[in-house]
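Right, one structure below, let's go through it.
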Amino acid sequence: QVQLVESGGGLVQPGGSLRLSCATSGFTFSSSAMSWYRQAPGRLRRLVATITSSGGSTDYSDSVKGRFTISRDNAKNTVYLQMNSLKSEDTAVYYCNTVLSLPPLYKWSNYWGQGIQVTVSS
């Protein structure tokens, strides 16, 4: 079955960096766009970054543009989120996401990792 497993979160000081990883299995990773979302306490889950299946195109929310970089390694079935110049407002649970159409129903559905906490605090 589809599995997305995030790692790399933790506590970091403002201005610091973290690199999140999302290891995947159960689907054709190299054919699938991937995204990172985040959800702060009391807030809606919001899209942070997206990368196309080839890695040739990326997109970012305005709040992280210039600070975060999404990338992927199709040989390792893994997507990354490099987060630099972290701010307190980046504190959230970060989720790996993909949208797939799989048998037997072939209905496009969201698939999520379990989420990983990132806390930016001094």
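Some notes on this structure:
- Environment charge of Ala23, counting only residues whose C-beta is closer than 12 Å and scoring Lys/Arg +1, Asp/Glu -1: 0
- When nucleic acids and ligands are ignored and a 1.4 Å probe is applied, Val5 ends up with an accessible area of around 70 Å².
- With Cα atoms defining each centre, region 72-122 and region 1-65 are spaced 3 Å apart in the structure.
- Full extension of the segment from Ser109 to Gln39, taken as 0.36 nm per residue of separation minus the current Cα-Cα distance, would add 23.3 nm.
- Whole-number D in µm²/s for region 9-122 (Stokes-Einstein; Kirkwood sum over Cα pairs; 37 °C, 0.692 mPa s): 226
- A simple rule links phi to the HN-Hα coupling: the Karplus curve 6.51 cos²θ - 1.76 cosθ + 1.60 with θ = phi - 60°, which for region 79-92 gives 10, 10, 9, 8, 10, 10, 6, 5, 10, 4, 6, 7, 4, 5 Hz, with x for Gly and Pro.
- Under a model in which nothing but the beta-carbon of Lys, Arg (+1) and Asp, Glu (-1) is charged, region 41-120 shows a dipole of about 100 debye around its Cα centre.
- Accessible area per residue, Å², the chain with all protein chains present, probe 1.4 Å: 54
The values are calculated or read from the model by the stated rules, or taken from the named source; none is laboratory data. Keep in mind the model is a prediction, meaning the values are calculated, not measured. Note: ideal-geometry Cβ built from the backbone for every residue, glycine included; neighbour counts use all protein chains shown. When the accessible area is computed, the model is the full protein with side chains, heavy atoms only, and any ligands, DNA or RNA have been set aside. Shrake-Rupley method; radii C 1.70, N 1.55, O 1.52, S 1.80 Å.
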